[in-house]
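Have a look at the structure below before the remarks.
Each value in this text was obtained by applying a stated rule to the coordinates, not by laboratory testing. Given the structure is predicted, the values throughout are model-derived calculations rather than measurements. When we count neighbours, we look across all protein chains shown, and the Cβ atoms used for this are built from the backbone with ideal geometry, even at glycine.
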Amino acid sequence: MELAKAVRAAGFKVALTGEGADEWLGGYPWFKINRLLSTFDWLPGIKPGIALRKLVIKLTGQPSFTTASVKSVRKTLGGQNGWMDVYGLMSLNKLRFFSKDFLAFADANSAYEDLGLTQELHRWHPAHRELYLGWRVNLPGHQLAGKADRIAMHSSVEGRYPFLDEELLDYTATLHPRWKLHSLRKDKIH
């Protein structure tokens, strides 16, 4: 909010922002976590990365959804997804506050199914799947509506988003994931 106020105080009515870059180019930590945990899953039929995820939930005392529910979500998302590693793990705490009836409802009904995701996700590279999900979930409701437009408009500033240009998105969609997330130690491509 302070940045938008400063932009307006400086006499500007329009500002370029970086929204969309992290979602489309792998700039968030869950992409790294998923990549790291998935390196253990190279043997067919054996998924140590998923076992490590379950162990973290058990060691931290988190409540969790049933195995069938988690498998259903993975099927909807085309496989394991980094979004589930960070936001999914953090959101498990809310299960402590659900009534038994609502917990049963939440376990039987996946909000991911309501997103209208493409049925071809299972054919995509795992990194592209999680970029797509972050794009569909995080960007519209959280980033743009909650953090960007609303805050900018509060100070009468219009945000422009060059990383959301359709031609740029079409181009970056063709790039191999190694060009988007090439290092577990660096946060951004240099």
Rounded to 10°, Cα long-axis angle of helix 126-137 versus longest principal axis of the chain: 60
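Using only the Cα atoms of the stretch 1-150, build the gyration tensor, take square roots of its eigenvalues as a ≥ b ≥ c, and label the shape rounded, prolate or oblate: rounded if a/c is under 1.5, else prolate if a/b is larger than b/c, else oblate.
On the way: a/c = 2.09, a/b = 1.62, b/c = 1.29.
Prolate shape, in that a/c is at least 1.5 and a/b is the bigger ratio.
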Whole-number percent relative contact order across the stretch 2-179, with pairs defined as alpha carbons under 8 Å at least 6 apart: 41
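For the chain, what is the mean residue ellipticity at 222 nm derived from helices alone (per DSSP H run of n ≥ 4: -39500 (n - 2.57); sum divided by total residues; nearest 500 deg cm²/dmol)?
Numbers: 9 runs with 80 residues, N = 190.
So the calculated ellipticity at 222 nm is -12000 deg cm²/dmol.
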Peptide ranges 159-168, 123-132, 93-102 listed from the most packed, as the mean C-beta count within 10 angstrom indicates: 123-132, 159-168, 93-102
Extension gain from residue 106 to residue 14, taking 0.36 nm per residue of separation minus the Cα-Cα distance: 28.9 nm
For the stretch 90-122 and the stretch 22-73, distance of Cα centres in Å: 16
Length added when fully stretched, residue 145-residue 173, from 0.36 nm per residue minus Cα-Cα: 7.7 nm
Ordering of 2-13, 45-56 by packing [mean C-beta count within 10 Å, highest first]: 45-56, 2-13
Note, ³J(HN,Hα) from phi for the stretch 143-148, Karplus 6.51, -1.76, 1.60, rounded to Hz, x at Gly and Pro: 5, 6, 6, x, 10, 9
